[in-house]
Amino acid sequence: MKAVVPGSFDPITHGHLDVISRAAAIFDSVIVAVGVNSSKSYLFDFGERLDLVRQACSDLRGVTAEPLDGLLVDFCTAHGATAIVKGARGSTDFDYEVGMARMNHALTGVETVVLPASTQWSYVSSTLVRQIASLGGDVTAFVPDVVIERLERKVQP
Ligand code: PNS
């Protein structure tokens, strides 16, 4: 079975990589779908976010990354994926995911698997990483090395 792990990944963190690698251990193959949430503004542009996801996942067997343009359910159908995998750090994330899972299931029948974030990464978010980095803080513990290099260029012109 094939699964899709969708997100903005602005930027990809160790929390995301934990969910992606756990999804890869459950499913035969995983496509990381890098999309645009119209209610968010991004630090990294679409190409940069996709490129960073591809580099960060290059050592994960069975994992590829593709651009998501349009409805997630249509992406799943087009790629032959029968499940969506999302991570949830807590009850706020979970409630948000349940609403989308129900809607996506109503649209095409695609199932959603919500994985509880590993304790180690449960406090890590892209939002906090961006904020800390932009104020000169050290985020090396929370993101892969490829992200560190790009973040330094982005926040220290
Ligand atoms: O959690 P994120 O990072 O904001 O997710 C971004 C993304 C692109 C994965 C999300 O906005 C999405 O699924 N967009 C696709 C549009 C869609 O299918 N909307 C209906 C959801 S029920």
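Numbers for the structure displayed
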item: Neighbourhood charge, 14 Å Cβ-Cβ cut-off, centred on PHE44 and excluding it, Lys, Arg +1 and Asp, Glu -1; result: +1
item: Partner lysines for LYS86 [C-alpha distance under 25 Å; skip if fewer than 8 residues away on the same chain]; result: LYS2, LYS40
item: Ranking by accessible area, most exposed first, for GLU111, GLU48 with a 1.4 Å probe; result: GLU111, GLU48
item: Rounded tilt (10° steps) of 14-26 against the dominant C-alpha axis of the chain; result: 30
item: Residue among TYR42, GLY80, SER21 farthest towards the positive dipole end of the stretch 1-80, charges placed on Cβ; result: SER21
item: Assigned charges on the beta-carbon of Lys, Arg, Asp, Glu; the chain dipole about Cα centre (debye); result: 120
item: Debye, to nearest 20: dipole size of the stretch 72-143, +1 on Lys, Arg Cβ, -1 on Asp, Glu Cβ; result: 60
item: Separation in nanometres of the label points that stand 7 Å from Cα toward Cβ, at VAL36 and THR82; result: 3.3
item: Accessible area of the stretch 1-154 divided out per residue, in Å², using a probe of 1.4 angstrom; result: 53
item: Solvent-accessible surface ranking, highest first, for ASP93, ASP74 at 1.4 angstrom; result: ASP74, ASP93
item: Rounded to 10°, Cα long-axis angle of helix 46-56 versus longest principal axis of the chain; result: 90
item: Length-normalised contact order for the chain - Cα pairs under 8 Å, 6+ apart - percent; result: 29
item: SER21 accessible area, assembled protein chains, probe 1.4 Å, Å²; result: 50
item: Computed over the stretch 1-152, Cα set: Rg, Dmax in Å; result: 14.7, 45
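The values are calculated or read from the model by the stated rules, or taken from the named source; none is laboratory data. Model, not experiment: these values are computed from the prediction. Using ideal geometry, Cβ is built from the backbone for each residue, glycine included, and neighbour counts are taken over all protein chains shown. What goes into the accessible areas is simple: the full protein's heavy atoms, side chains included, and nothing from ligands, DNA or RNA. Shrake-Rupley method; radii C 1.70, N 1.55, O 1.52, S 1.80 Å.
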